[in-house]
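Nothing in this text is a laboratory measurement; each read-out follows from the coordinates by a stated rule. Treat the numbers as computed from the prediction; the structure is a model and nothing was measured. Quick reminder, even Gly has a Cβ in these numbers, built from the backbone with ideal geometry, and neighbours come from all protein chains shown.
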Amino acid sequence: DTILVLNGPNLNLLGKRQPEIYGRETLADVEALCRETATGFGLAVECRQSNAEHVLIDAIQEFRVGSAGIVINAGAYTHTSVAILDALNACEVPVIECHISNVHRREAFRHHSYISLAATAVLAGFGTHGYALAIRHLAHLRAGKTA
Ligand code: DQA
């Protein structure tokens, strides 16, 4: 069983980009954390990152049925993309929306998320640890737990 961990625009710069907001860990560090966490629950992860909206949509379509779920940090597309929302609405697997920063204590334009309309659960402000929490929750759902 595989979880898709999908990171959107500018998250390839993790560790270098506004470290006071996003921390010093790199995307490679985050992907290693995801792999390690999933392995602990007997799950696999496929980690993808793209700055291109259509590449993110293609990945969502690839994992929309039969996977163990999707963890998505859509970056700024969170606040703009009806196309990504539509792709997520076509998913039969749980979707966890993850933001490193607490978007709700930032600019007003970050307070609205199209992704949330299709998300099973939302994490914001947990730093990169949020990805591990998201994977833990997908494993929990996989085990048939609803609470
Ligand atoms: C982000 C928050 C978004 O508003 C921003 O555009 C990002 C990263 C986060 O992880 O905190 O690129 O999704």
| query | Under a plain spin-label model, where a point goes 7 Å from the Cα along Cα-to-Cβ, how far apart in nm are His79 and Ala108? | reply | 1.2
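For the chain, go through all pairs of different Cα atoms, get the mean of 1/r, take its inverse, and jot down that Kirkwood value in Å.
In the chain this quantity evaluates to 15.0 Å.
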| Given the rule -39500 (n - 2.57) for each run of at least 4 DSSP H residues, summed and divided by the residues of the chain, what is its mean residue ellipticity at 222 nm, to the nearest 500 deg cm²/dmol? | -10500 deg cm²/dmol
